[in-house]
1. Over segment B:85-125, what is the relative contact order in whole percent, taking alpha-carbon pairs under 8 Å and six or more residues apart?
2. Could you pull out every one of the lysines with an alpha carbon less than 30 Å from that of A:LYS25, ignoring same-chain neighbours closer than 8 positions?
3. By how many degrees, 0 to 90 and rounded to 10, does the Cα axis of helix B:146-160 deviate from the longest principal axis of chain B?
4. In bins 10 Å wide, starting from 0, what share of all Cα pairs of segment A:3-66 does each bin hold, as a percent?
5. Using only the alpha-carbon atoms, how far is helix A:63-74 inclined from the longest principal axis of chain A? Give it as 0 to 90 degrees, nearest 10.
6. Counting only DSSP beta bridges with both residues in chain B, tell me the antiparallel percent, nearest 5.
7. Quickly estimate the mean residue ellipticity at 222 nm for chain B, helices only: each DSSP H run with n ≥ 4 gives -39500 (n - 2.57), and the total goes over all residues, rounded to 500.
8. With an 8 Å cut-off on Cα pairs and a minimum separation of 6 or more residues, tell me the relative contact order of chain B in percent.
Amino acid sequence: TVGAVACDREGNVAAATSTGGWTGKLPGRVGDTPMPGAGNFAENATCAVSGTGHGEVFIKYTAGAEIAARMRHRGETLEQAARHVVMEDLGRNDGSGGVIAVDAKGNLTLPFNSEGMYRGWAREDGDRGVAIYK
Amino acid sequence: KRYAIAIHGGAGTILKSTMTPEKEAAYSAGLETALAAGEAVLRDGGSALDAVTAAVCALEDEPLFNAGRGAVFTTEGKQEMDAAIMDGRDRSTGTVAGIFGPKNPVKLARLVMETTPHVCMIGDHILELGRKAGLEFPPRDYFFTQARWDALHDTLAMKAKGQEDADPARRHG
């Protein structure tokens with residue numbers, strides 16, 4: 001699975017995700033990627049999210065929508081909300097993997113509960129990088 | 001406002017024991033290419049929607065990652081792809097599932113969002129719309145990689161012995 005989240009200079013956010021599923025999956029199996037609010041989500045008022053991991057669990061926990069809901073209803077920051085969903089909701093329920101997320105202020109967070117995540121980030125202030133392990 | 005972008009190429013058990021400097025450099029280069037594609041759009045004042053489309057297309061084109069070219073195989077030895085895009089301005093979204101054919105499945109998802117009243121589409125009709133819209137449909141071999149084919153046969157051999165790969169990441173997209 002691959003994905004991207006972005007916030008532009010207008011303060012609009014967007015998310016895109018694409019996947020081949022998992023090796024040896026049953027024909028016709030659909031994971032979280034094409035399910036809005038699970039593996040891909042975007043809403044200016046909260047955040048944009050792209051997930052990668054054990055799709056069935058990301059679906060059951062509506063991972064993307066849950067991060068947005070924690071921001072909207074609990075007033076959590078992007079970082080707090082994404083970390084809780086990835087490390088607690090997903091991490092404690094066989095949902096290995098991670099997310100990338102951005103909010104309309106341009107804050108980024110890339111938490112994952114697995115050994116590694118292929119990831120990259122860039123901000124207009126110059127902060128930029130690619131990484132694989134923690 | 002100042003722009004920001006993040007990308008991922010998948011998460012999981014990325015064993016350090018099997019990661020060589022050459023492979024790590026190749027993965028990092030693939031990530032850099034995608035990051036640069038998305039950031040270039042934002043730097044020019046483009047939209048977040050166009051930035052994530054450009055970045056994911058670059059990742060779909062890179063056979064090291066599991067999407068588009070380099071997608072994994074089902075138990076039947078076929079490739080099925082899912083993709084999604086969502087616009088934070090009005091929550092408009094387009095997704096495709098279980099399809100095979102377009103070089104960049106994320107562009108097909110965007111076509112659903114921009115040209116149909118629907119959110120999620122499966123099956124041949126959306127592929128037909130993609131062809132009519134001029135999306136690129138390469139020959140089947142374009143999507144094949146030996147590494148993914150070998151991974152399928154390793155997985156099937158394990159299943160045939162009644163074994164299950166204990167690695168939680170094997171169920172990762």
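1. With pairs under 8 Å counted, the relative contact order is 43 percent.
2. Within the straight-line limit of under 30 Å, A:LYS25 reaches these lysines: A:LYS60, A:LYS134, B:LYS16, B:LYS23, B:LYS78, B:LYS103, B:LYS107, B:LYS159, B:LYS161.
3. The two axes meet at around 50 degrees.
4. 24, 48, 21, 6, 0
5. 40
6. Details: 6 of 8 bridges.
Looking only at bridges with both residues in chain B, the antiparallel portion is about 75 percent.
7. On the way: 5 runs with 72 residues, N = 173.
Helices in chain B give a 222 nm mean residue ellipticity of -13500 deg cm²/dmol.
8. Answer for chain B is 19 percent.
Taken together, the values in this text are just the output of simple stated rules run on the coordinates, not laboratory data. Everything numeric in this text was worked out from a predicted model, so none of it was measured.
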